[in-house]
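See structure below.
The values are calculated or read from the model by the stated rules, or taken from the named source; none is laboratory data. Remember, it's a predicted structure, so these values are computed and weren't measured experimentally. As a convention, Cβ positions derive from the backbone with ideal geometry for all residues, glycine included, and neighbour counts pool all protein chains shown. Heavy atoms of the whole protein, side chains included, go into the accessibility calculation; ligands, DNA and RNA do not. Shrake-Rupley method; radii C 1.70, N 1.55, O 1.52, S 1.80 Å.
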Amino acid sequence: LARIERNVIRCDDIISDLLDFSRTPEAHAEPIEIERWLRELVTEQARPDWLELEFDLRTDGLVVALDPDRLRRAVINVVENAIQSMDPQREGSGEGARARLCVQCAVADGRLAVTVSDTGAGMAPEVLARVFEPLFSTKTYGGGLGLPTVKQIMEQEGGGVEIQSQPGQGSTFSFVLP
């Protein structure tokens, strides 16, 4: 019964993701102080004891107008993916190994860049080329809509997302916003 319940919840999540991806909700932009917002968002997420969290926030109190709920979804998706990518690596790396998640933000060329980097497993070039395809996933669970939704959110906010990743070296996701 517990397994059935977990699968029903998983199916419900997949259907919700499909519906969210197929709709384009109206943005509700509001001014937010990006450094404070990012720090609160990431630190309030559940994370394992073995994860070292690092911040490098350099926007000097910058206030930007954006939809915090939609951006929250994008950032949390990437943070959760990063934690999941580091867990299997930690299993085989011994007791003393520390996994690291680094969240950065800075302004360059009139654009805000928010970067999330991990020390996880990284992605092979053939996986990296497909991560924004709807329904593509390397996981045994989920619907393969997480990163396509992240891309959609960023584009609707007038920005974009870029990924750098190498197998065994981790991944870096960069959100760029006006």
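What are the residues in region 98-139 that are of a type in the set (D, E, K, R) and either in contact with a Cys (Cβ under 8 Å, 6 or more places away or on another chain) or closer than 30 Å to ASP49 by Cβ (or both), if any? Can you show your working first?
Going through region 98-139, the residues of a type in the set (D, E, K, R) turn out to be 98, 100, 109, 111, 118, 126, 130, 133, 139.
ARG98, ARG100, ASP118, LYS139, listed by residue number.
What pairs come out if I take residues in region 148-166 that are farther than 20 Å from MET123 by Cβ and pair them with residues that are open to solvent by less than 30 Å² (accessible area, probe 1.4 Å) and charged (D, E, K, R) whose C-beta lies under 7 Å away, six or more apart or interchain?
GLU157/ASP67
Filter region 114-147 down to residues that are among the small types (Gly, Ala, Ser) and in contact with a Leu (Cβ under 8 Å, 6 or more places away or on another chain) and give me whichever is nearest to PHE173 (Cα to Cα). If you could, list the steps in order and put the result at the bottom.
Filtering region 114-147 down to residues among the small types (Gly, Ala, Ser) leaves 117, 120-122, 124, 129, 137, 142-144, 146.
After this cut, where a residue has to be in contact with a Leu (Cβ under 8 Å, 6 or more places away or on another chain) as well, the list is 117, 143-144.
Working: SER117: 6, GLY143: 20, GLY144: 17 Å.
Taking the candidates together, the pick is SER117.
From the list GLU91, GLU126, GLU95, which residue is at pLDDT 90 or above, more than 29 Å from ASP60 (Cβ to Cβ), open to solvent by 20 Å² or more (accessible area, probe 1.4 Å) and acidic (Asp, Glu)? Reasoning before the result, please.
On the way: GLU91 fails: at pLDDT 90 or above; GLU95 fails: at pLDDT 90 or above.
Exactly one of GLU91, GLU126, GLU95 is at pLDDT 90 or above, more than 29 Å from ASP60 (Cβ to Cβ), open to solvent by 20 Å² or more (accessible area, probe 1.4 Å) and acidic (Asp, Glu), namely GLU126.
Can you tell me which residue within region 19-65, out of those that are at pLDDT below 90, of a type in the set (A, V, I, L, M, F, W, C) and within 17 Å of the chain's Cα centre (by Cα), is surrounded by the fewest Cβ atoms within 10 Å (Cβ to Cβ)?
ALA46
Among the residues of region 66-88, write down those that are of a type in the set (D, E, K, R) and either open to solvent by less than 40 Å² (accessible area, probe 1.4 Å) or farther than 16 Å from THR115 by Cα (or both). Can you show your working first?
Restricting attention to region 66-88, the residues satisfying the condition of being of a type in the set (D, E, K, R) are 67, 69-70, 72-73, 80, 87.
Correct list: ASP67, ASP69, ARG70, ASP87.
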